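Step one of this worksheet: look at the structure below.
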Amino acid sequence: MNLALYREFRPKSFEDVVGQDYIIQTLKNQIKTNRLTHAYLFCGPRGTGKTSTAKIFARAVNCTHSIDGEPCNMCAECVALSEPNTDIVEIDAASNNRVEEIRDLREKVNFPPLIGKYKVYIIDEVHMLTDSAFNALLKTLEEPPKHVIFILATTEIHKLPATILSRCTRFDFKLLPINTLVEHLKKVFEKKNITCDEKSLHLIAKAGEGSVRDMLSVADSVASFSNYNITVETTEQVIGLSNKDSIKNILLSIANKDVAGIFVNIKQALGNGKNIQVLCKEMADFIKNLIMVKVGVGDYAVLDILPGEFASIADIAAKFDINYLKQAFNKFSEIELDLKYSLNPENLFESVCLQLVDVGNMPTANATKLTVTAQPKQQEKPTQTLDADKLWGNVLIKVKENNLFALSNALKNVNKVEVANQKLILHTNDLSSHEMIDNQDRINVILRMVNLFDDGITAVEVVYDKDSASTQDIKDNLKEVFKNKIKFKE
Ligand SMILES: Nc1ncnc2c1ncn2[C@@H]1O[C@H](COP(=O)(O)OP(=O)(O)OP(=O)(O)O)[C@@H](O)[C@H]1O
Ligand SMILES: [Mg+2]
Ligand SMILES: [Zn+2]
């Protein structure tokens, strides 16, 4: 049996939309101050609230008793617009993509609304329109009748012509962070009287990969399978930890130079119905976790693993040399896009796995020493400096996670860190970053973040030194190790 939770829990007012706070606030403000525009573009990944928000917006602009920009969902207009009606027109561009259909639309938009003040056209999957259909749409967008609002929605913004983009107010819907998904799932289960343990909540939310709809679909299957009493066992049976297991197995057969094993394990992974591109991304993610564990990141908000998994991940990480992991990580990241365009993605993926078998620098069982890079220059450095690097990497991630954007930007120009007498000394050759950081409040913030990882440090100091320009070490190290997590201004 299927509950279709994602249908039942379609948001009915703005406050029900989870995670897209900036967008919702802006839309509400526009309604409150009556500063609507005639064309909106909602872009972003699947199942993040584009269509739902468009429908709420369509009611809100027509609601006669709107409070704080929210539709009241009770007035005559709201009620009429909640049912199928002629004033909210949903067009699926995937199946109505021809120029004739858009021409037809251009005629119809001229008829005034029957219920409220505005007619709202929601054109879903707008990137599917043909070129001539786009041109026809463009004409309407240029001079829309006063009573019409267009909302174009798409998951593939890059396929839209610039002429369309420039005529729309654009909102980028974002994938939702795991914690937000967990909170939302908890509420949904509570309302449905479905019991669920914390770990399963986490597993289900994670399986959604940032999409509320995908998460609720998974939740549906797990709930039905477990007869509304979800346990870790039932969850694992439905979601199948086999994903992670098959990734581990592929990696281990690479490590053991077990070529037959590589082929068998890849087949097995794909046998679970997995797309090769997804498999590749998961390989890269998994290896990234191994790298982070190896360099000493112990924070679950950064590591993409569950608390209970740490020991087993650390075990696997110990089997590999860090340089080897870095190469593997690079390789799988590099081919992710290529796979999409490859005529034979499976062969490409297998060939990368085989290349990794041949890499000279093979994992060794005793390669447990933590080195940040292979260059001998680095290994001669005092251990203290290496520890400082690791510590600093963690701090940078924390700063970013806390949305301290300005500080985070300035800290990117720190190109050397060292610990001396319980003091963390930051060196920068960028004068404006130095000025920005060298302020008691900011130093205190940094110290707090530092103490999350090392409470032996009692002070932070920032030093401006012009000559450190050549000291690229840290930047390079961090860039290599944390690749996607840390970005430097070049
Ligand atoms: N931000 C959100 N808050 C709450 N529920 C959401 C959100 N996003 C998606 N959902 C859930 O997923 C379902 C589908 O959402 P919606 O149709 O708005 O997504 P979408 O972004 O338009 O997806 P697609 O790109 O596939 O069209 C909703 O009915 C709701 O259950
Ligand atoms: Mg949609
Ligand atoms: Zn209303």
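Residue under question is Glu490, and the condition is that it be under 26 Å from Ala284 (Cα atoms), surrounded by fewer than 16 Cβ atoms within 10 Å (Cβ to Cβ) and modelled with pLDDT under 80; does it hold? Talk me through it step by step, then tell me what you get.
Numbers: under 26 Å from Ala284 (Cα atoms): yes; surrounded by fewer than 16 Cβ atoms within 10 Å (Cβ to Cβ): yes; modelled with pLDDT under 80: yes.
Here the answer is yes, as Glu490 does meet what is asked.
With the structure loaded, tell me whether Val18 is within 9 Å of ligand 1 (Cβ to nearest atom) and either basic (Lys, Arg) or at pLDDT 95 or above (or both) or whether it fails that test.
Answer is yes for this residue.
Out of Lys412, Lys423, which single residue is over 16 Å from Tyr464 (Cβ atoms) and not aromatic (Phe, Trp, Tyr)? Reasoning before the result, please.
Working: Lys412 fails: over 16 Å from Tyr464 (Cβ atoms).
Selected residue: Lys423, the only one of Lys412, Lys423 that is over 16 Å from Tyr464 (Cβ atoms) and not aromatic (Phe, Trp, Tyr).
Leu5 - would you say it is within 30 Å of Phe225 (Cβ to Cβ), of a type outside the set (Ser, Thr, Tyr) and either modelled with pLDDT of 95 or more or more than 16 Å from ligand 3 (Cβ to nearest atom) (or both)? Step through it out loud before you land on a result.
Working: within 30 Å of Phe225 (Cβ to Cβ): yes; of a type outside the set (Ser, Thr, Tyr): yes; either modelled with pLDDT of 95 or more or more than 16 Å from ligand 3 (Cβ to nearest atom) (or both): yes.
Considered against the rule, which asks whether it is within 30 Å of Phe225 (Cβ to Cβ), of a type outside the set (Ser, Thr, Tyr) and either modelled with pLDDT of 95 or more or more than 16 Å from ligand 3 (Cβ to nearest atom) (or both), Leu5 comes out as yes.
Kindly evaluate Val126 against the criterion of being within 16 Å of ligand 2 (Cβ to nearest atom) and of a type in the set (Val, Ile, Thr). Can you show your working first?
On the way: within 16 Å of ligand 2 (Cβ to nearest atom): yes; of a type in the set (Val, Ile, Thr): yes.
Criteria met by Val126.
Please go through the stretch 91-125 and give me each residue that is away from ligand 1 (no atom under 16 Å from the Cβ), within 16 Å of Leu141 (Cα to Cα) and not in a loop (DSSP other than H, G, I, E, B), ordered by number.
Within the stretch 91-125, Val99, Glu101, Ile102, Arg103, Asp104, Leu105, Arg106, Glu107, Lys108, Lys119 qualify.
Anything in the stretch 145-165 that is under 23 Å from Glu107 (Cα atoms) and either within 16 Å of ligand 3 (Cβ to nearest atom) or hydroxyl-bearing (Ser, Thr, Tyr) (or both)? List them, or say none.
Once the filter is applied, which keeps residues that are under 23 Å from Glu107 (Cα atoms) and either within 16 Å of ligand 3 (Cβ to nearest atom) or hydroxyl-bearing (Ser, Thr, Tyr) (or both), the stretch 145-165 yields only Thr163.
Please indicate, with yes or no, whether at least one residue in the stretch 142-162 is in contact with a strand residue (DSSP E or B) (Cβ under 6 Å, 6 or more places away or on another chain), in contact (Cβ under 8 Å) with a residue 24 or more places away in the chain, outside the structural domain of Val126 (by TED's automatic domain parsing) and part of a helix (DSSP H, G or I).
The answer is no, given that none of the residues of the stretch 142-162 is in contact with a strand residue (DSSP E or B) (Cβ under 6 Å, 6 or more places away or on another chain), in contact (Cβ under 8 Å) with a residue 24 or more places away in the chain, outside the structural domain of Val126 (by TED's automatic domain parsing) and part of a helix (DSSP H, G or I).
Within the stretch 209-234, how many residues turn out to be at pLDDT below 90 and within 16 Å of ligand 2 (Cβ to nearest atom)?
The total comes to 3.
Let me confirm something: among Lys191, Lys186, Lys199, Lys206, which residue is in contact with a Leu (Cβ under 9 Å, 6 or more places away or on another chain), under 17 Å from Asp16 (Cα atoms) and away from ligand 2 (no atom under 16 Å from the Cβ)?
Numbers: Lys191 fails: in contact with a Leu (Cβ under 9 Å, 6 or more places away or on another chain); Lys199 fails: under 17 Å from Asp16 (Cα atoms); Lys206 fails: under 17 Å from Asp16 (Cα atoms).
Answer to the selection: Lys186.
Only one of these conditions is not met by Lys139: (1) over 22 Å from the mean Cα position of the chain (by Cα); (2) more than 16 Å from ligand 1 (Cβ to nearest atom); (3) surrounded by 14 or more Cβ atoms within 10 Å (Cβ to Cβ). Which number is it?
(3)
Please verify whether Ile115 is touching a residue at least 40 places away in the same chain (Cβ under 8 Å), within 16 Å of ligand 3 (Cβ to nearest atom) and either β-branched (Val, Ile, Thr) or under 18 Å from Ala58 (Cβ atoms) (or both), treating the condition exactly as stated. Before you say what the answer is, go through the steps one by one.
On the way: touching a residue at least 40 places away in the same chain (Cβ under 8 Å): yes; within 16 Å of ligand 3 (Cβ to nearest atom): yes; either β-branched (Val, Ile, Thr) or under 18 Å from Ala58 (Cβ atoms) (or both): yes.
Yes.
Condition check ((1) within 16 Å of ligand 2 (Cβ to nearest atom); (2) on the phi > 0 side of the Ramachandran plot) across all residues:
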position: Arg10; (1), (2): yes, no
position: Ile31; (1), (2): no, no
position: Asn34; (1), (2): no, yes
position: Ala39; (1), (2): no, no
position: Thr48; (1), (2): yes, no
position: Ala60; (1), (2): no, no
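Only one residue in Asp92, Asp68, Asp104 is in contact (Cβ under 8 Å) with a residue 24 or more places away in the chain and away from ligand 3 (no atom under 16 Å from the Cβ). Which one?
Numbers: Asp68 fails: away from ligand 3 (no atom under 16 Å from the Cβ); Asp104 fails: in contact (Cβ under 8 Å) with a residue 24 or more places away in the chain.
Exactly one residue qualifies, and that residue is Asp92.
Could you list, in sequence order, all residues of the stretch 35-90 that are in a strand (DSSP E or B) and either within 14 Å of ligand 1 (Cβ to nearest atom) or crowded, with 19+ Cβ neighbours inside 10 Å (or both)? Even if it seems obvious, please write down each step before you answer.
Of the residues in the stretch 35-90, the ones in a strand (DSSP E or B) are 39-43, 67, 70, 88-90.
Across the stretch 35-90, the qualifying residues are Ala39, Tyr40, Leu41, Phe42, Cys43, Glu70, Ile88, Glu90.
Sort through Ile31, Ile24 and tell me the only one that's modelled with pLDDT of 95 or more and away from ligand 3 (no atom under 16 Å from the Cβ). Lay out the reasoning, then the answer.
Working: Ile31 fails: away from ligand 3 (no atom under 16 Å from the Cβ).
The unique qualifying residue is Ile24.
Give the stretch 74-86 a look and list any residue that's within 30 Å of Phe134 (Cβ to Cβ) and at pLDDT below 95, or say none.
Residues of the stretch 74-86 that are within 30 Å of Phe134 (Cβ to Cβ), as a first pass: 81, 84-86.
Correct list: Pro84, Asn85, Thr86.
The values are calculated or read from the model by the stated rules, or taken from the named source; none is laboratory data. As the structure is a prediction and not an experimental result, all values here were calculated from the model. A quick note on method: Cβ atoms are made from the backbone with ideal geometry, for glycine too, and the neighbour counts reach across all protein chains shown.
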